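Written out below as structure tokens is the structure these notes cover.
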């Protein structure tokens, strides 16, 4: 299984996971060391992405795509859009 979280507006990788491993080679520098795919829910179909150290620049639309780890580009199984709003604490 392959999971990619992408910033929709700029089409760059926020987090990439394939066959049990996090792959950081394509990750945007702005997210380095700040993302984690929550593996505790994978077997139940949960693909939660945790972003730590939230910044105003993290605000925006993200796309999660799930594909076959061997033929990702040809076999996207699911695609979900998510909006993230970052606000200052009161």
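Per-residue Cβ neighbour counts within 10 Å put 68, 40, 58 in the sequence 40, 68, 58, beginning with the fewest. Neighbour counting of Cβ atoms within 10 Å sorts the residues 7, 87, fewest neighbours leading, into 87, 7. Counting neighbouring Cβ atoms within 10 Å and putting the fewest first, the residues 83, 5 line up as 83, 5. Across the chain, the relative contact order, built from alpha-carbon pairs under 8 Å that are at least six residues apart, equals 28 percent. For the stretch 1-23 versus the stretch 27-48, the inter-centroid distance based on Cα atoms is 8 Å.
Here, each number is a calculation from the coordinates, and none is a lab measurement. None of these values were measured; they are calculated from a predicted model. Please note: Cβ atoms are built from the backbone with ideal geometry, for glycine as well, and neighbour counts cover all protein chains shown.
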